[in-house]
Structure formats: structure tokens, C-alpha cells
Amino acid sequence: MKNNKGYVRLVRIVLLFIFVVILAGSVVRTTHSGMGCPDWPTCFGRIIPPMNAGQLPKDYEKYLDRQDIDHTFNAFHTWVEYINRLCTGVLGFVIIGLIVVSFRKFYKTRPSIAWLSVGLMVIVVIESLLGWLIVRSNLHVDTVTIHLLPIFVMAGICVLMIHKAEGSYRIQDRTLKWISTIALILVFIQVLIGTQVRTSVDITSKALKYLEREKWLSNTGVILTSHELLAWLSAFACVFLFWRSLSYPRLQKLGFLLLVLVIGEMAMGFTLVKMDFPAFAQPAHLVLGSAILVTIFSYRLYFRKRK
Ligand code: HEM
């Protein structure tokens, strides 16, 4: 549907912001800035956080009393966390814009697209509440993982909206349909196992006061081994999807993207393991892994049933 090009561009912008939020969240974790703002939704009781210790409210210790963190003020951590929250805020506003446009354009003809945009807003609210839970739980490792899942659902909804708005182009290939379903499940499990590796790394690195990076993987044991094995299987599935995409002009771009993403993801994984966790590789590994999941989902949607 050619006249939906502008709309599709808008949904792509929302998708881009979702990835900015994933990246920002990971930078918070990598720089250990999660407690940079000890309260929520304000930061040290303020809408705009302090730039230096002199700007802290007199009673600022009350915001720290539940947290097991260093009580000296660190403007860098505070602002990294604050920018992360701002990114989620901007995403919320972009989604409000998308809801307005979706209802104007599709409410009468394709109401499902309009309601999907509302679904995005509901998830942003859930995501913000989870942010509050993370701060309250003192960055408990499991709440950090749970916080990732709604964001994947949001990315999936955007991809579905794009497919619906672009029209009902479908491919009839039962084998490829099944293989893309299996690849999607495989990569989803791989991502879940990855978050468990991350949980173990978080516990160990915290105990080591974020020093001695070469020891951060020391307690990952069988989880890391499974993550490495499944990585090869996932990579093989992605390469296969790329190869099969060459037969379908509509799938070629996605197939190529998948190939590039999986090569980058494997490279980042081995960089983390073999080069003692360089900080840049942590957000890169998460963003590329999330992008693989979303790309395979988009690929799979070409095999939806005809209505
Ligand atoms: C298709 C391939 C892969 C996918 C989709 C994937 C996905 C992920 C995801 C989503 C995480 C969690 C990141 C986070 O929550 O910040 C993770 C963590 C991790 N992965 Fe992978 N991964 C893949 C391949 C690999 C490979 C090949 C290795 C190493 C040989 C590896 C090593 C790690 C390590 C060490 C972590 C913990 C990172 C951290 O604590 O920041 N991954 N992976």
C-alpha cells in the first residue's frame, strides 16, 4: 500500500526509539549507574537532577537509606540514569503521536492497527512501573531481566504494524515457514539463556566491586556453555534463512540484515569471553541480540496465513 509509506516510516521511528531505550538501559548497567537516581520517578526529589553535590537537597540521604550503594554523589551515574529515563519518556511521547495518527488513518478501515498502537502505550506504562520496581528492589538481577521482556513485545508489535500497513504480501513456502518458526524459538531461548549469563556476571562483578574483569565469568558454568552451543545453532539457522531468502526478492534485505547481525553478535560474544569484558561489547551484544530476534520475527510474518 503505497499511500501508507509515511505511516510505515513513523512506526520505524518508534522501533528505532525502542532500540535506543534498549541501548540506554544497557549503558546504565555497563556503567553501574542504575542507582544514579535513587528515587523514582523523580531523581533526588527533583525533575532535573543535580549537576554537582552542591545542588543536592539537604535531606538527600533519605533517598539513599534503602539502597546498598556508595552514598557519595556521582553526577556521571545520576545523569546516565536520568538520560535513560528521558529516552523512555521520549518513546512515550512518540507513541502518543503514533496513536493519534493510527486512529485517524486506520480506525475505520483497519482498526487492529489502531489498537496495536494503544497496546504499545500500555506496555510503555508497564515498562515504567517495572523501572520503579527495579529501583525499589535495589537493582535485583531478576527484575532487570523481566524489564527486558515488555520491550521485546513492543518491538514485535511495531513489526506487526509495519507488515499490516504495508499490505498483505505473503509467501507460500511451508518448509521455510517452519524453519523460520524454529529459528525464532531457538533465538528466543538463546536470548533468555543470555540474560541468565548476564545475571551471573552481575552477581560476580558486584562482589568484585566491578574490578578484575577476567574473573566475571567464573561462576557462569553450564549456562555459558549452553549459551555458546546454542549460539552456533542459532547462527546456523540465521545463515540458512539468509541463504533461502535469496530465492525471494521481498526477503533478500531482511536475510542480508540477519546475516550481518548474527556475524556481529557472534563477534561481540567472543569479544566478551576472550577479551575480558570490554565495556563497549556489553551494550553491543544486547542490542544486536535483540535486533536478531526482531528481524527473524519480521521474516516469519511473511508466512502468515492469507485472510
Ligand atoms: C546468536 C547468538 C547470540 C545471541 C542471540 C546472544 C544473546 C545474548 C543476550 C540477549 C544476552 C543478555 C545481554 C544482557 O542482558 O545485557 C547475552 C549475554 C551474554 N552472551 Fe550472548 N548471544 C549470542 C552469542 C554469544 C556467544 C557466541 C558468546 C560467547 C562465546 C556469548 C557470550 C555472552 C556473554 C558472556 C553474555 C553476558 C554479557 C554481559 O553480562 O553483559 N553470546 N547474550
For Trp178, work out the one condition from (1) within 24 Å of the chain's Cα centre (by Cα); (2) away from the ligand (no atom under 13 Å from the Cβ) it doesn't fulfil. (1)
Just wondering, is there one or more residues in the stretch 209-216 that are within 16 Å of the ligand (Cβ to nearest atom), in the same structural domain as Leu120 (by TED's automatic domain parsing) and either farther than 21 Å from Gly34 by Cβ or of a type in the set (Gly, Ala, Ser) (or both)? no
Where residues in the stretch 264-307 are charged (D, E, K, R) and at pLDDT 95 or above, which of them is nearest to the chain's Cα centre (by Cα)? Glu265
Sole miss for Gly156 among (1) within 16 Å of the ligand (Cβ to nearest atom); (2) buried (at least 21 other Cβ atoms within 10 Å of the Cβ); (3) of a type outside the set (Asp, Glu); (4) under 27 Å from Leu98 (Cα atoms) is condition (2)
Which listed residue is near the ligand (Cβ under 8 Å from one of its atoms), within 22 Å of the chain's Cα centre (by Cα) and either polar (S, T, N, Q) or surrounded by fewer than 17 Cβ atoms within 10 Å (Cβ to Cβ) (or both), from Gln196, Gln190: Gln190
Select from the stretch 213-235 the residues that are surrounded by 13 or more Cβ atoms within 10 Å (Cβ to Cβ) and without any contact (Cβ under 8 Å) to a residue 24 or more places away in the chain and write down the one among them that is nearest to Met266 (Cα to Cα). Thr220
Pairs, first closer than 20 Å to Gly156 by Cβ in the stretch 280-294, second within 8 Å of the ligand (Cβ to nearest atom) and among the basic types (Lys, Arg), C-beta under 9 Å, six or more apart: Leu286/Arg29; Leu286/Arg198
Does Leu258 satisfy the criteria of being closer than 25 Å to Arg174 by Cα, within 12 Å of the ligand (Cβ to nearest atom) and touching a residue at least 40 places away in the same chain (Cβ under 8 Å)? yes
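The values are calculated or read from the model by the stated rules, or taken from the named source; none is laboratory data. All values reported here derive from a predicted model rather than from experimental measurement. Positions of Cβ are backbone-derived with ideal geometry, glycine not excepted, and every protein chain shown enters the neighbour counts.
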